[in-house]
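Enquirer: Structure provided below as structure tokens; questions to follow.
The values are calculated or read from the model by the stated rules, or taken from the named source; none is laboratory data. The structure displayed is predicted, hence computed values, not measured ones. Every residue, glycine as well, gets a Cβ built from its backbone with ideal geometry; the counts of neighbours run over all protein chains shown.
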Amino acid sequence: MSYTGDVVADGPADVRELTGLIVSKLSVGPMDNNAYLLRCTSTGEQVLIDAANEAPRLLALVGDGGLAAVVTTHRHMDHWVALEEVVASTGARSLVHAADADGLPIASEPLADGDRIRVGNRELEVIHIVGHTPGSVALLYRDDVDGTHLFTGDSLFPGGVGNTDRDPVRFGSLINDVEQKLFDRLPDETWFYPGHGRDSTLGAERPALPEWRARGW
């Protein structure tokens with residue numbers, strides 16, 4: 001079956017087999033967070049995006065292939081409940097943007113805008129998106145064959161940007177970063193994978209940007 005990105009809590013992972021990278025999307029409870037396991041098709045090296053919860057299910061997804069790193073997209077607790085257990089069980093590196101590092105339960109290596117994270121012989125580019133939290137990141141995968149793929153955490157969803165508690169300063173920062181660093185830079189066919197819920201493409205969401213900015217959330 002083809003990948004849709006539609007997953008439910010307690011359900012199986014949905015798996016997307018790209019040429020260079022295999023993406024497994026799993027929903028974990030109780031807040032239906034999305035966790036993404038990326039595996040290089042050439043080397044088998046794996047990286048997990050957001051060890052959100054339900055460590056046994058995440059470890060079962062990792063399997064016996066080992067785990068090189070866990071990237072936490074931002075410091076909110078629902079995105080790292082399983083982090084300690086996953087890292088302890090696998091020996092994976094824990095990575096988070098420096099501005100959100102104090103919010104995690106374990107010492108983690110700091111990330112900065114423009115950093116590259118290796119997944120075998122593939123790589124993810126770190127894009128710093130300020131607003132949902134000070135250290136939120138999106139992770140960009142681009143390949144001539146596979147196209148453009150973006151893991152957005154809670155900074156971008158189908159239908160709008162992430163929560164800023166109606167703070168106009170935080171919202172202004174977030175919508176500006178999302179527009180300038182994502183929509184202005186990346187093509188419409190870019191598929192994005194958010195921290196909760198369904199996937200979308202930048203092209204599907206682009207016409208609504210003026211509406212998002214006008215409503216202020």
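Matching residues to (1) in a helix (DSSP H, G or I); (2) among the small types (Gly, Ala, Ser):
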{"residue": "Leu48", "(1), (2)": "no, no"}
{"residue": "Asp78", "(1), (2)": "yes, no"}
{"residue": "Val86", "(1), (2)": "yes, no"}
{"residue": "Leu95", "(1), (2)": "no, no"}
{"residue": "Pro105", "(1), (2)": "no, no"}
{"residue": "Pro110", "(1), (2)": "no, no"}
{"residue": "Gly114", "(1), (2)": "no, yes"}
{"residue": "Arg118", "(1), (2)": "no, no"}
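Enquirer: Does Leu202 satisfy the criteria of being modelled with pLDDT of 95 or more, crowded, with 17+ Cβ neighbours inside 10 Å and in contact with an Asp or Glu (Cβ under 7 Å, 6 or more places away or on another chain)?
Expert: Against the criterion (modelled with pLDDT of 95 or more, crowded, with 17+ Cβ neighbours inside 10 Å and in contact with an Asp or Glu (Cβ under 7 Å, 6 or more places away or on another chain)), Leu202 qualifies.
Enquirer: For segment 124-155: of the residues being assigned to a strand (DSSP E or B), charged (D, E, K, R) and free of Cβ contacts under 8 Å to residues at least 60 places away in the same chain, which is nearest to Asp167 (Cα to Cα)?
Expert: Out of the qualifying residues, it is Glu125.
Enquirer: Another question, then. Mind checking whether some residue in segment 39-57 is in contact (Cβ under 8 Å) with a residue 12 or more places away in the chain, over 16 Å from Ile117 (Cβ atoms) and under 16 Å from the mean Cα position of the chain (by Cα)?
Expert: Yes: segment 39-57 contains one or more residues that are in contact (Cβ under 8 Å) with a residue 12 or more places away in the chain, over 16 Å from Ile117 (Cβ atoms) and under 16 Å from the mean Cα position of the chain (by Cα).
Enquirer: For Glu189, work out the one condition from (1) in contact (Cβ under 8 Å) with a residue 40 or more places away in the chain; (2) farther than 22 Å from Asp143 by Cα; (3) over 16 Å from the mean Cα position of the chain (by Cα) it doesn't fulfil.
Expert: The one condition Glu189 does not meet is (2).
To keep it simple, each residue is scored yes or no on (1) farther than 25 Å from Val28 by Cα; (2) in contact with a Gly (Cβ under 8 Å, 6 or more places away or on another chain).
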{"site": "Ala107", "(1), (2)": "no, no"}
{"site": "Arg122", "(1), (2)": "yes, yes"}
{"site": "Val126", "(1), (2)": "no, yes"}
{"site": "Thr133", "(1), (2)": "no, yes"}
{"site": "Ala138", "(1), (2)": "no, yes"}
{"site": "Gly153", "(1), (2)": "no, yes"}
{"site": "Gly162", "(1), (2)": "no, yes"}
{"site": "Lys181", "(1), (2)": "yes, no"}
{"site": "His196", "(1), (2)": "no, no"}
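Enquirer: If you go through segment 17-46 one residue at a time, how many are part of a strand (DSSP E or B) and surrounded by fewer than 20 Cβ atoms within 10 Å (Cβ to Cβ)?
Expert: So the answer is 3.
Enquirer: Follow-up. So is Pro158 in contact with a Pro (Cβ under 8 Å, 6 or more places away or on another chain) and in contact (Cβ under 8 Å) with a residue 24 or more places away in the chain or not?
Expert: Working: in contact with a Pro (Cβ under 8 Å, 6 or more places away or on another chain): yes; in contact (Cβ under 8 Å) with a residue 24 or more places away in the chain: yes.
Criteria met by Pro158.
Enquirer: For segment 68-76, check the following and say yes or no: at least one residue is among the charged types (D, E, K, R) and in contact (Cβ under 8 Å) with a residue 12 or more places away in the chain. Steps first, please.
Expert: Taking segment 68-76 as the starting set, the residues that turn out to be among the charged types (D, E, K, R) are 75.
Still in the running and in contact (Cβ under 8 Å) with a residue 12 or more places away in the chain: 75.
Yes - at least one qualifying residue is present in segment 68-76.
Enquirer: Then there's this: Is it fair to say Ala88 is in contact with a helix residue (DSSP H, G or I) (Cβ under 7 Å, 6 or more places away or on another chain) and farther than 16 Å from Gly197 by Cβ?
Expert: no
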